[in-house]
Structures are given as C-alpha cells and as structure tokens.
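The values are calculated or read from the model by the stated rules, or taken from the named source; none is laboratory data. Keep in mind it's a predicted model, so treat the numbers as computed, not measured. Here the Cβ positions follow ideal geometry from the backbone for every residue, glycine too, while neighbour counts run over all protein chains shown. Each accessible area value is taken on the protein alone, full model and side chains, heavy atoms only, with ligands, DNA and RNA left out. Shrake-Rupley method; radii C 1.70, N 1.55, O 1.52, S 1.80 Å.
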Amino acid sequence: MDTMLAAATLRDEAAKGGKALETVQSLTDEVGPRLAGSKGEPLAQEWAVRAMTAAGLTNVRKEAATVPVWQRGEETAELLAENPVELAVTALGGSVATPAAGLEADVVVVPTLDALEALPREKVEGKIVLVAQVMERSRDGRGYGKAVRARGLAASKAAKLGAIAALVRSIGTDDNRLPHTGAMRYEDGAPKIPAGALSIPDADLLVRLVSEGKTPRLRLVLTPQALADAPSFNVVGEVVGSERPDEIVLLGAHLDSWDLGRGAIDDGAGCAIVLEAGRNAAHARERPRRTVRVVLFANEENGSGGSKAYAKTHEAEMPKHVFALEADLGAGKVFTVRFRGDDASIAASKDLVSLLAPLAITSELEPGEGGSDIRPLRSFGVPVADAEQDATRYFDFHHTANDTLDKIDRAEIDQAAAAVTTLAYAAAHTRASFGRVPEKKHD
Ligand SMILES: [Zn+2]
C-alpha cells in the first residue's frame, strides 16, 4: 500500500475513537499526583510499563535518570486586617522555606518584573513583593510563555532589592481561589527567599488595596523542603520499524505531574495521546518502516532530569532520530501543526499536513518549538513538530488542584490522538527525509 494511503487508513480508524480517556482515567485514578521523588513517581513508572505493554509496544524498559526532590510543606498567607483574610497560596517548586512560624511584612505590588526592577531598594527592602503579572488567554497558550517569566524570576529579582519573600499572581487564566504552582529558580548570587503564588482573586484583592492607597500586610508561612537528588526513570517502548529499525520517530510526553492535582491534563493527556499513537502504529496493517519510540519522560516539571538523561543516554543515536514531537498542552483538539526543520523537512511535512485536513487541522509557517522534553534534541539537529492543541481553557486548571479527569472531553482527546497517530505513523512509514536542523548547542 502507498505510504500516504496506509496513513490515511490508520487516521480514519483512529478518528473513530480510542482508549485515550480510559488511559488518563487509569493513570489519574490509580496513581494520581507523581512529582519527581514522590510516592506516586515509581507507581507511575510501573503503570507506564503496563500501559505500554498493553498497547502492543515492544522493548518496553525503564531508563535511568536523576531528579531533584522537593516536597511541599505547610502553606498559609494571612492578610492582617481588622477582619483578617486567609489568602489561597501555594509554594512554587524549588522554593526555600520561611521560618516555621512564618514571616510578616508589608506587601509591595508591581504589575511586572520590569516594574519591580525599576523600583529603588528602599521601597523593597524588608518587604514581601507581589508580582501581579496578568496572563492572557489564547487558543495556542502563547500568553503562558510571556507571563511565566514572572514565576521563574520574581524571587531573585525581588531578593536583589532586599525583599524577604516573593509572591506572584498565579500564572493562569481562571477566577478560582486555587493557586497555580510551577517551577521557579534562583539566580546565582541572589539571596534565596521563599516564593509562592496567590490565587488570582486573592492577588487582585491586594492589587486593589494598593490602588486604594493602603499598604497590605501579610503573615506568610511556606515550609517546603529540598532533599537529595534521587534516581528515577524515563519509560520507553517501541514499534520496531520494518525496514529502517535504527531510524527513530520519537513521541514524547511527561509522566511526572505537580502534586496539587491529579495530573490529568498535565500531562496524563499527553501520555495517553502518545500511547494511542503507539498502539495504533503497533496494530497498523503495515508496520511502519522506521521505529516509533514512545518516551514518557521523568521530571519535566521541576528539573528536566528525564530529558537530560535521555539526550545523554542516546547521544550516539541522535543522528538516527529523524523526527520528534511531544504532547504537553492538555487534552484539547489539535488545530494546527508547526514544524522546525530545513527545506527537506518542510517539503516532507507538506505531505503529513495534507493527511490531517479531514481532522480540520492546518499548518502554520511559524516554527515549532518541540516541547520542553524534546528541546535538547534540537541541538543535535533533530527536526521537531508541535501538534498545537486548543489550549483556551488549559491554563484555567494547569498546575492546580483542579487538574482532574473531568476536564477532559472524549471527542477532543480522541481527535488529538488521531492527529498524533497520523503524524507519527506517516513520519515513520514514509521514505522521505525530514533533513536536519543545524542549531547551536543550547541548554
Ligand atoms: Zn506539562
């Protein structure tokens, strides 16, 4: 059968629906949260081995990685007033702790990191800083990329000006009193101060108080702790290619999740989507010519220990990685595909995109990014693609206690799984080359 016809046949089968929703249900109900170093993490790895085997993948294995271990502690924020207010707060991943009894200080509110950096030291010294960065809602989630810097950098920028703690308005788009966690990092040379996120309504309360000329005062308790790095694993399974088994089409998602929710949309959904693509490739009437390798990465959320280990373990094999894609933007429908490649990739990708038209998917000239776990592959010249999912509602729930199974619509995740199935199978089965994308080594 012609390659494209074989892929179209598989697409039409997949479009009828598969087991993606059941897969997320099994992961979230049987395992639940699975942050690096937590109790859930090894349970998730065993779950992944079983899920891959049941999907018909072969060479199913765990590959060693090293991950940081950070555990949440107590977390409260009280707005001191005649009628005190318990604000909804959560520590950001990687944060140091406050003293056990907490710390108490006036709050300085700024709208952005730039506004913070423009403040003189005397306005910030001894205070708690709130960076009330607003995130815009959009279909492709691009507002996140713009806003998330505040979460990553607020603590060190504030500490350099003498602040004793830093808070951010949750990087999200909802109006719930549920804070959004997520990783932060300390700059070398800056004092390490505790960092947390307030729920959006609570952050906005502080913004209003300041605009009314008041000086809010908080008592903040955050007692997370960092333990020694621990061994972990990526879980890998394959559909071995019939003609060029050494050439690899990599499909990634991340197995870890934040501790607050159940890890359904981030990234149980992505795991289910790539497992469906693997299952469909394994059961296709024609085995794909190249190997489809499904990788469920460890520790995407707070350290990327899994993706670093993968790139290192498979460095010699990188020239044989012909195409890579990661599913890590929830459970919504795919509406467009973006590629990062050279002229050869662009030509080959046109065939792939034409296959997706019946699923109402177009392509965009804007270059793909590749998802954070496969980004290290870019420095080896591996062409990457993004199957862009509708993320309009994704950041309402992302990294919160609200990341639960009920946020997933069966028809939407089935469409996304059919799209990734089609892309992966066609990329593996075609004899066309996707070329290489020379790129400087980066971190
Ligand atoms: Zn994710």
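With contacts taken as Cα pairs under 8 Å at a separation of at least 6 residues, the chain carries a relative contact order of 23 percent. Spin-label model, residue 43 to residue 66: label points 7 Å out along the Cα-to-beta-carbon direction sit 2.8 nm apart. Summing Cβ point charges (Lys, Arg +1; Asp, Glu -1) relative to the Cα centre of segment 1-140 gives a dipole of roughly 660 debye.
The calculated FRET efficiency for the pair residue 313 and residue 244, based on their C-beta separation and a Förster distance of 22 Å, comes to about 0.55. Give me the net charge of residue 192's neighbourhood, meaning all other residues with Cβ under 14 Å from the Cβ of residue 192; Lys, Arg count +1, Asp, Glu -1. Once all neighbours under 14 Å are counted, the net charge is +1. DSSP beta bridges fully contained in segment 332-443 are about 65 percent antiparallel. Stretching residue 25 away from residue 101 to a fully extended chain increases their span by 23.4 nm, per 0.36 nm per residue minus the current alpha-carbon distance. To the nearest ten degrees, helix 3-15 and the longest principal axis of the Cα atoms of the chain are 50 degrees apart. Principal-axis analysis of the Cα atoms of the chain puts helix 40-54 at an angle of about 20° to the longest axis. Charge tally for residue 388 (other residues, Cβ to Cβ under 9 Å; Lys, Arg +1; Asp, Glu -1): -2.
Per-residue Karplus couplings for segment 155-171, computed as 6.51 cos²θ - 1.76 cosθ + 1.60 with θ equal to phi - 60°, are listed in order as 4, 6, 5, 5, 5, 5, 9, x, 5, 9, 7, 10, 10, 10, 5, 3, 7 Hz, Gly and Pro entered as x. In terms of the mean number of neighbouring beta-carbon atoms within 10 Å, the peptides 87-93, 369-375, 52-58, 41-47 order highest first as 87-93, 369-375, 41-47, 52-58.
Normalised per residue, the accessible area of segment 1-159 is 45 Å², obtained with a 1.4 Å probe and no contribution from ligands, DNA or RNA.
Of the trypsin sites (Lys or Arg not before Pro) in segment 262-362, which ones lie in a loop per DSSP and count no more than 13 other C-beta atoms within 10 Å? Answer in residue order: 285. A full extension of the chain between residue 360 and residue 137 corresponds to an added length of 78.1 nm, given 0.36 nm per residue minus the alpha carbon distance. Once the Cβ-Cβ distance of residue 351 and residue 117 is raised to the sixth power relative to R0 = 41 Å, the FRET efficiency obtained is 0.30. Here residue 230 and residue 320 are evaluated by their C-beta separation; at R0 = 35 Å the FRET efficiency comes out at 0.70. Under a 5 Å amide H cut-off, with hydrogens placed 1.01 Å from N, residue 342 pairs with 436 among residues at least 5 apart or on other chains.
Between 88, 107, 64, whose Cα lies farthest towards the positive end of the dipole of segment 55-116 when Lys and Arg beta carbons carry +1 and Asp and Glu beta carbons carry -1, centred on the Cα centre? The residue sitting most towards the positive pole is 64. For the pair residue 146 and residue 82, the difference between a 0.36 nm per residue extended length and the Cα-Cα distance amounts to 19.3 nm. With helices as the sole contributors, the chain gives -10000 deg cm²/dmol at 222 nm; each DSSP H run of n ≥ 4 counts as -39500 (n - 2.57), and the sum is divided by every residue. Within segment 17-122, the trypsin sites (Lys or Arg not before Pro) that combine a DSSP coil assignment with at most 13 other C-beta atoms in a 10 angstrom radius are 39. Take every DSSP beta bridge whose two residues both sit in segment 227-308; close to 40 percent of them are antiparallel. Dipole size of the chain about its Cα centre, with +1 on Lys/Arg Cβ and -1 on Asp/Glu Cβ: approximately 680 debye, rounded to the nearest 20. How large, in percent, is the carbon and sulfur part of the accessible surface of the chain at a probe radius of 1.4 Å? Carbon plus sulfur share of accessible area: 52 percent.
Amide H to amide H, with H built 1.01 Å from N, residue 18 comes under 5 Å of no residue 5 or more places away or on another chain.
Per-residue 3J(HN,Hα) values for segment 62-79, derived from phi via the Karplus relation 6.51 cos²θ - 1.76 cosθ + 1.60 with θ = phi - 60°, read 9, 10, 5, 8, 10, 10, x, 10, 10, 10, 5, x, 6, 8, 9, 9, 10, 7 Hz in sequence order (x marks Gly and Pro). Counting only protein heavy atoms and a 1.4 Å probe, segment 223-355 has 31 square angstrom of accessible area per residue.
About the centre of its Cα atoms, segment 154-284 shows a dipole size close to 960 debye [charges on the beta carbon of Lys, Arg (+1) and Asp, Glu (-1) only; nearest 20 debye]. Beta bridges per DSSP, both residues in the chain: antiparallel share near 55 percent. Taking the longest Cα principal axis of the chain as reference, the axis of helix 20-30 is set at about 50 degrees. Taking the chain as a Gaussian network, where each spring joins two C-alpha atoms under 10 Å apart, which residue of 302, 176, 280 fluctuates the most? Taking springs between Cα atoms under 10 Å, the residue moving most is 176.
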